[in-house]
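**Student:** Mind looking over this structure? Questions follow.
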Amino acid sequence: MKPKKTVMAIIAVTVLALGALPLTATAQMAHHSGKQAAMGGKMGGGSMMGGHGGKGGKMGHGFEPHNAAVHFLKMDTMLDLDAGQIERLQTLRDAFISANAGDKARLKAAESDLKRLLHADTIDMDKVEQKLQAIGKLEGKLWRAFATQLQEIKAQLTDDQKARMRTHHQRMQRR
């Protein structure tokens, strides 16, 4: 694919994704609210950066970098986490927030800027390209942070807890 066509394809996908943000956020909140009711209030509401497992979202299926420790803490009973595991998860949760709050805010602002650029009557491709590069860098950093945190979380789970997690994910996939 030629560079200009590649940029245009990225823009088209981004426009579609950004246009669907309000709908996917609403869908994710409804999805998480349904889980909350089903689990006796145990699950919390979702946000665009915190959602997973629902329909919609940036990658088309609701999976994006987020603070995974929050979800594991909400599943403490289902996973039968011990006090030490809960304490380590709380530490990982807080560290993720401290380390990534700025990048998450910058990403949200960059996405908003991109949306504004793409809705202009005349699109300045140089500015769009700069914004796409900034978004890519921020998303890359957040994906690395998510993967690192998830690796640390899974390293502290027992084989039984991992099996419970797999079963939970399989049930969520069928929804």
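**Student:** Using the structure shown, select from Lys74/Lys137; Lys104/Lys127; Lys108/Lys154; Lys74/Lys162 the pairs with a Cα to Cα distance greater than 25 angstrom.
**Tutor:** Lys74/Lys137; Lys108/Lys154
**Student:** In whole angstrom, note down how far apart the Cα centers of segment 61-86 and segment 107-175 are.
**Tutor:** Computed from Cα coordinates, the inter-centre distance equals 17 Å.
Laboratory data are not the source of any read-out in this text; all were calculated from the coordinates shown. What you see is a predicted model; the values in this text were computed from it and never measured.
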